[in-house]
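Reading through the structure tokens given below for one structure.
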Amino acid sequence: MTSPTNAPRARRLVLHLVCVAVGALIVVPVWFGVLGGFKDNGQLSTNPLGWPDPWITDNYTGILGSRVFWRQLGNSVLIAVTSTFVVVGAAAMAAYVFARFAFRGRELLATLFAVGLMFPFAVAILPLFVLLRGMGLLDNPLGVILPQAAFGLPVTVIILRQFFRTIPGEVEEAAILDGCGPFGFFWRVLLPMARPALATVSVLAIVTSWNNFMLPLVVFTDQSWWTLPVGVQAFQGQYADDTARVLAYVVLSMVPALGFYAVAERQLVGGLAGSVKG
Amino acid sequence: MTRPSAVADASRAAPATHRSAAGRGAARRGGPPRPGRRGALAVFLTPALLLFLSLVIAPIAVAGYASLYKWNGFGLPENFVGLDNYTRALADPTFRGDLWRGFVLIVLSLTVQLPAALGLAMLLNQPLRGRGVYRLVFFAPYVLSEVTTAVLFTLVLSPNRGLGGAISRWLGADAGAVFADPDTVLFAVFLVVSWKYFGLYMMLFLAARQGIPKELSEAAATDGATAWQAFRHVTLPLLGPTIRISVFLSVIGTIQLFDMVWVLTGGGPIHASETMAVTMYQYGFRRFEVGYASAISIVMFLLSLVFALTYQRVVLRRDTEGALTTQGAQR
């Protein structure tokens, strides 16, 4: 039952058929988008399923040649990277304290962070907007970066704390004997040892930031700060009649995410499974 | 190296109540001097605490305060109306509809999406050539943003130039415009949400399934259990913690569903796909009824909180190492 040799052929065939059918549900819409970007709208109406004839590259080249797309891509990257640094940095320090220090109220504080996992982002968006306006952070990337980091803290702290706990006390002991203070231990011993866990939480934070829509939507009225999700939505509104062009924009905006996925799939899966296992 | 590190050991083993005492003792007795351990604690904790208190806790407090006022969001709230915003929300057919639609979406997720994900995970756990590729493909939509997904599907299902129109013409049926029909729109939204998220749950189930030792199902098979019996009585119970967490994530995710709906339908037609978050956004950012929108936020928050606490008490309690229970259970 568990080795491929004695699994009956027919059974395996059925399994493959199911997998291919589900795979098609995933791939076909994306493939439709990719090909659609190479068509014009006339072709899309008369021939939505088949190959483009002729292949039209204007949609893709037009977008790739425009400054708007690259600017939005750059904004998304800048915000994702900075958010990740802030959240992982702050969470690693807090997780170190929660894992390694003993003090009154520690569990209460740790619980407070864990409870943050249950706060839907949508709940806070309106007052967050009011607060950010009060702080003058609208149309400022920090207005997205800092709240994203704050809302990313719970899951990051939970995963890192769990990992830090697995590092044996002897390691810290040895570091202290070698003259390391808490800062030295944290910076020179703990963080290097925690590289896999740090990679995991960083990937989670990047994906979360990359896909965030609501916050940049309300924080940035200045178009030059728009991130890709906001840009895609606006592009759809602007070119509502030009389906082929919107498809090209959607496809191009997917490329970085899928590329990142291809590279970091392992960390992403590990992180998601880890956050659930706690 | 014989003397155990009191601090590290305490933090791992000792029950919570003894920890602080052990820690203080260690700071006094602890062999090599540890200058500024208290100071270090403060320095390490401050950034996270500041961020969390100012940008997660404070906004929720502000929402609670603003929800008691009739306020357009400018200046300070002055027109105190007590609980009027809440009674208004509970009487508002749109908001009541939001609750109902949220309920429908949750039921659909739990009865369709999660079981399908579980089934696929079990399938991909079988020895199957190319299952790595299948897994990679099934999980891929999770990395696409809800907005990208929604825009893609708006076009894919568009009756004129999309696949949806082509397929329905090919079938000779009039299945186009699923997002324009109040009777189908919610299901269409659900399908797109599932398209993006079933891979996540499949992945979680698969990871949990692979954590179950092979010997168990082999033992069941040796004892004469059919594949179904082995699944029902061995695998399924062992997947319990993951299933329960998945249900939790699914419910909390549905309560705050916004991006997908906003881009696919904007909540329409005639509110037929509107969610609480969309209603809140409409009032808060479009009509500047910030007080009323805050009340909706708070209701969302309370629903999540009550659900989370109840669920944790009643359901997650038996999972000794659940993510959300680890900290809470010790209190």
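Laid out as a table, the results:
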read-out	value
Relative contact order [Cα under 8 Å, 6+ residues apart], chain A, whole percent	30
Loop chymotrypsin sites (Phe, Trp or Tyr not before Pro), segment A:1-93 (other Cβ atoms within 10 Å of the site Cβ: 12 or fewer; DSSP)	A:Trp55
Förster radius 22 Å - calculated FRET efficiency between A:Leu78 and A:Trp187, Cβ distance, rounded to 0.05	0.30
Gain upon complete extension [B:Ile167, B:Ala219; 0.36 nm per residue less C-alpha separation]	13.9 nm
Amide proton proximity set for B:Tyr69, modelled H, under 5 Å, gap of 5+	B:Val81
Computed [θ] at 222 nm, deg cm²/dmol, chain A (DSSP H ≥ 4; -39,500 (n - 2.57); rounded to nearest 500)	-24500 deg cm²/dmol
Cα pair distances of the protein assembly as shown binned at 10 Å [whole percent]	3, 15, 24, 26, 19, 10, 3, 1, 0
Restricting segment B:110-156 to trypsin sites (Lys or Arg not before Pro) in coil, as DSSP defines it, with at most 11 other Cβ within 10 Å	B:Arg129
Test item: A:229-239 mean partner chain Cβ contacts at 10 Å	3
Exercise: per-residue mean of other protein chain Cβ atoms within 10 Å, B:131-142	5
A:Ala24 versus B:Phe307: modelled label distance in nm, points set 7 Å from Cα along the beta carbon direction	3.5
R0 of 45 Å, Cβ-Cβ distance B:Ala180-B:Gln229: FRET efficiency to nearest 0.05	0.45
Relative contact order for segment B:84-328, counting Cα pairs under 8 Å that sit 6 or more residues apart, in percent	26
Amide N of segment A:108-152 lying under 17 Å from the label point, which is placed 7 angstrom from the Cα of A:Thr221 along Cα→Cβ	A:126-141, A:143-144
Taking all pairs of distinct alpha-carbon atoms in segment B:84-328, Kirkwood radius in angstrom	20.2
Distance in nm between pseudo-label sites at B:Ala61 and B:Phe74 (7 Å out along the Cβ direction from Cα)	2.8
A:Trp31/B:Leu50 FRET efficiency (R0 60 Å; Cβ-Cβ; nearest 0.05)	0.80
Alpha-carbon gyration tensor eigenvalues x 5, square-rooted, for segment A:1-129, Å	45, 32, 14
Vicinal HN-Hα couplings computed from phi for segment A:246-252 (Karplus, 6.51 cos²θ - 1.76 cosθ + 1.60; Hz; Gly/Pro x)	5, 4, 4, 5, 4, 4, 4
DSSP-assigned coil residues among chymotrypsin sites (Phe, Trp or Tyr not before Pro) in segment B:76-108, each with at most 16 further Cβ atoms within 10 Å	none
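Computed from the coordinates by the stated procedures, all read-outs in this text should not be read as laboratory data. None of these values were measured; they are calculated from a predicted model. Because the Cβ atoms are built from the backbone with ideal geometry, glycine has one as well, and the counts that use them run over all protein chains shown.
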